[in-house]
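Let me begin by presenting the structure, written as structure tokens, before commenting on it.
Laboratory data are not the source of any read-out in this text; all were calculated from the coordinates shown. Since the model is a prediction, treat every value here as computed from it, not as a measurement. Here the Cβ positions follow ideal geometry from the backbone for every residue, glycine too, while neighbour counts run over all protein chains shown.
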Amino acid sequence: MRVLSCVTQDHVVWLVVLAAAMCLAGACVASRLFHRCVTAPRATRLYWCLLAALTAGAATWATHFVAMLGHRANVPVTFDGPLTIFSALIAVAGIGAGLLLATSRRPAVAVVGGGSIIGLAIAAMHYVGMFAYRVEGVVTWLPGHVAASIILCVALCVAALGRLTGGRGATRQAALLLAAAILVLHFTGMAAFTVQPIPGVSALVDRDAFAAMAAAIALVALLIVGVGLSTYVVERKAVSHSQARLHHIAMHDELTAVANRRAFTEALEQECRRMRAFARPFALLLIDLDRFKAVNDTLGHPVGDKVLRRVAQRLRKAIRDGDLIARLGGDEFAVIAPNVADAAAARALADRIVEIMARPFLVDGHIADIGASVGVCLAPLHGSDPSALVQKADVALYTAKSEGKGRFCVFEPAMSEALNRRRMIEADLRRACMREEFDVVYQPITDTRTGSVTGAEALLRWTCAQRGEVSPAEFIPIAEDLGLVTRIGAGVLKQACRDAAGWPSHVNLSVNISPVQLFDPRLPSLVTQALEEAGLAPSRLELEITETALLEDDDVVMATLTRLRELGVRISLDDFGTGYSSLSYLHRYPISRIKIDRSFVRRLPDDASSASIVRAIVQLGVTLDLKITAEGIETDEQLAFMAGQGCHNSQGFLISRPVSSSALAAMARQAVGAAA
């Protein structure tokens, strides 16, 4: 009751309200600065402690001083200037020391120790300030109220620091506790202070001067608090901006500015949660650029980066509002399309992406024709788990690429079976390569006019222990993808040369060379080694290359083929007529034979168009002094037609299926014996 009557009867009410308002404002700012001080990194902690101490000390001292000016002592009052200033310094220094201790890693020391020092500093400031409050009267103190004020102040400060380690709303609670500590200390301390006037001494007090002084002090204190608040706000805005920027960097691809893999993963998980909660379907599209590697290799990575930026721009135009684009890495992109309920809508989106990606890119004067393949899966039709959906979209993407690229595929269960088979073949193929489990068979090549065996083409065969015989059309592309084709090709070349060394000397050997081998600078050395180890004359070896292999790098191919011709090895162009710029190849490269592709021979002799093409090829070969071999001869009519056109050699099932080396040698000797 004494404290309440002290507030209401012994003070000027509007100055009490001013002091309380200033105290609450200061406490709100100080609590936020306290929290920043406690959580700040070591490098900036001292700065925040200093700012928090100055702000809290100024607010506390101003609260005390304004409330003191509002006290009705009924006796003459003066202030001791130096002691008043010293009381302000005590508040700032003491609160700063408490805050430094509050940064301790020991919770008990930080909260209890730091809070106690802050509470004692506020109490010391108050009572030193009271000693600076000089009254012309007899002063009496009530020890119980003095002790209660100090204990309550310390307890409330400890509670305030303890709340700063709490969760949401902790700083507001800490501000209320800190304001309560200051006000409870002051008014409980003032209730302990009584003054008895001295008879004969005037009680006149200049209240107007005190009011003006109180307003000035409050203004200055609020300015100090405002500086602290503005510093905090500016720092928080800078931190928020930096955090937003870091979040953007963490969630976006730097090159294309679309979402990155992390953002894609989070978005896909969120979309799956929404689908399960609200039955909202969506489509997932995985996009792979088909010929982007060639852009990097031929035009350079700077141009490749610009192409990727253009790809992202085109994808933005192709998708709908609300769809998410992400770059998963390299030349792989993804699209999450919410509210796609059926395959038709997903196909329309995928088709739009394929179509817009098929258009050439013009970058720095270069034309980049890349195209894209797209794999599509639907949720919940194909699953509701993010990893399962990505896997199925990837299976559909693999199917699209294996079917010729530049297209899209929607996932079907059968695709998983094909992919599983491929993965098993990959594992078996690696083992077969290590154990050299491949076989080489030979398809005879005959003189079209006489029918005598003049050569044989080496063909690779693989009989898997688990799956039996695997078609070369299936496992050779896989070997190329795995990077095994060079090793396998070297083994075929060496084995074929050893076998051919045991054939009659007029029987030549043809070996297919893949584009990968052709770009290997070690190929001429490998051929030389194989010939020398087998004792086979270079003139009996013919290496078959495809027109596709000549599309890449003219200089590298030309250098390799020239070195092979210098060894005495002949070069033939396989599958002639199915590629591009065939005539320019014949003029540019050291080719001695062309092999007419079976697609033209198959329709002979009834198809007039095929017959005209074959006549033109044969005539071209005669003009350029090249040998001509017809592949895929399966009927007597086809053989007769080719013989009538002047084709030099024939090859196909009509003549013989692929046979072993010993069987081929026997066929060649038998033909020689029959001719004799």
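Counting only other residues whose beta carbon sits under 15 Å from that of residue 160, what net charge do I get with K and R as +1, D and E as -1? Walk me through the numbers on the way to the answer.
Details: positive: 32, 36, 163, 172; negative: none.
Here the count lands on +4.
Mean sequence separation of contacting Cα pairs (under 8 Å, at least six apart), scaled by the length of segment 437-675, corresponds to a relative contact order of 22 percent.
Only lysines eight or more places from residue 317 in sequence, or on another chain, were considered; those with a Cα closer than 23 Å are 306, 405. Pairwise Cα distances in segment 261-411 exceed 25 Å in 26 percent of cases.
What fraction, in whole percent, of alpha-carbon pairs in segment 344-408 exceed 18 Å separation? The share of Cα pairs beyond 18 Å in segment 344-408 comes to 45 percent. Viscosity 1.306 mPa s, temperature 10 °C: Stokes-Einstein D of segment 302-388 from its Kirkwood Cα radius, in µm² per second? Rounded to a whole number, D works out at 113 µm²/s. Two numbers describe the Cα atoms of segment 464-529: Rg and Dmax, which are 13.8, 40 Å. Separation of segment 612-669 from segment 472-541 is 22 Å, based on Cα centroids. Length, then width, then depth: along the principal axes, the Cα atoms of segment 437-675 run 42, 42, 37 Å. Restricting the calculation to Cα atoms, segment 337-448 yields a radius of gyration followed by a Dmax of 20.0, 66 Å. Close amide H contacts of residue 457 (hydrogens built in the peptide plane, cut-off under 5 Å, sequence separation of 5 or more or a different chain): 443, 445, 510.
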